[in-house]
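Data block below; observations after.
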Amino acid sequence: MAFKPSKRKRRPEAIEPELNLTPIMNLMVVLIPLLLTSAEFVRLGVIELNLPPAAGSAITAVTRLPQEMQKKLDLTVTVTDQGFYIASSAAVAMGKSGKGPTIPKLVDQYDYKKLSDYLYKIKQKAKGVFKDSDHIIILAEPSIKYQTVVSTMDASRSIQMDGKRKPLFPDVSLGATVL
């Protein structure tokens, strides 16, 4: 004979508690603005530059149509342990002695002010004449410090004149030296 289960021993059904989402929402309220502001700081710390184009294969070079011949400045600043060598497609600017760097190194420091002034003179002559009058290529020997290359980039991008910053060559590319 089967007995009816007792109601006394029966436990009430377990009630599942509601999830408390307040701490998670508080965390998101704090994290989202933090991540957005840190992304802005990362953008400010980036140095914009252009890498030289990759060399195409011989097949693509042959199949391309010849481009119209245009005057190009192809201005380069080579940073060596002696100073700055400035060259373009037209000529290489030599120093006062006729040999050595265009802008020699002062004792053990590079003369970035003189570099900016020299590039300003070139910019004035090249404006409107050459297609690439905003482009400059910076080359550095392997022994040159990174900060020297960055300071050279800064000196070639703009110049401080009459209390205003004037652009020189804002489109900077880096390359390897062959000396």
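Exactly one of these conditions fails for ILE138: (1) hydrophobic (A, V, I, L, M, F, W, C); (2) modelled with pLDDT of 90 or more; (3) more than 19 Å from the chain's Cα centre (by Cα). Give me its number.
(3)
Answer yes or no as to whether ASP132 is at pLDDT below 85, at negative phi and acidic (Asp, Glu). Working first, answer last.
On the way: at pLDDT below 85: yes; at negative phi: yes; acidic (Asp, Glu): yes.
Here the answer is yes, as ASP132 does meet what is asked.
When only residues in the stretch 152-179 that are exposed (fewer than 12 other Cβ atoms within 10 Å of the Cβ) and under 17 Å from LEU139 (Cβ atoms) count, which is nearest to the chain's Cα centre (by Cα)? Step through it out loud before you land on a result.
We begin by selecting, within the stretch 152-179, every residue exposed (fewer than 12 other Cβ atoms within 10 Å of the Cβ); these are 160-165, 167, 176, 178-179.
Going one step further and asking which of them are under 17 Å from LEU139 (Cβ atoms), we end up with 176, 178-179.
Details: ALA176: 16, VAL178: 22, LEU179: 25 Å.
Ranking the candidates gives ALA176 first.
Among the residues of the stretch 90-106 satisfying the criterion of being within 21 Å of SER133 (Cβ to Cβ) and modelled with pLDDT under 75, which is surrounded by the most Cβ atoms within 10 Å (Cβ to Cβ)? Working first, answer last.
Filtering the stretch 90-106 down to residues within 21 Å of SER133 (Cβ to Cβ) leaves 90-93, 102-103.
Checking the rest, the ones that are also modelled with pLDDT under 75 come to 90-93.
Details: ALA90: 13, ALA91: 8, VAL92: 11, ALA93: 15.
The residue in question is ALA93.
Could you say which residue among GLN124, GLN109 is polar (S, T, N, Q), surrounded by fewer than 15 Cβ atoms within 10 Å (Cβ to Cβ) and modelled with pLDDT of 90 or more? Quick ask: steps written out before the conclusion?
On the way: GLN124 fails: modelled with pLDDT of 90 or more.
Criteria check complete, one pass: GLN109.
Residues of the stretch 127-179 being in contact (Cβ under 8 Å) with a residue 60 or more places away in the chain and in a strand (DSSP E or B), which ones? Please lay out each step first, then the result.
Step one: list which residues in the stretch 127-179 are in contact (Cβ under 8 Å) with a residue 60 or more places away in the chain, which gives 131-133, 135-141, 143-144, 148-150, 152-153, 156, 169, 171-175, 177, 179.
Once the filter is applied, which keeps residues that are in contact (Cβ under 8 Å) with a residue 60 or more places away in the chain and in a strand (DSSP E or B), the stretch 127-179 yields HIS135, ILE136, ILE137, ILE138, LEU139, ALA140, ASP171, VAL172, SER173, LEU174, GLY175.
May I ask you to list the residues in the stretch 131-151 that are in contact with a helix residue (DSSP H, G or I) (Cβ under 7 Å, 6 or more places away or on another chain) and crowded, with 17+ Cβ neighbours inside 10 Å?
SER133, ILE136, ILE138, ALA140
The values are calculated or read from the model by the stated rules, or taken from the named source; none is laboratory data. Since we're looking at a predicted model, the values are computed, not measured. Backbone-built Cβ (ideal geometry, glycine too); neighbour counts: all protein chains shown.
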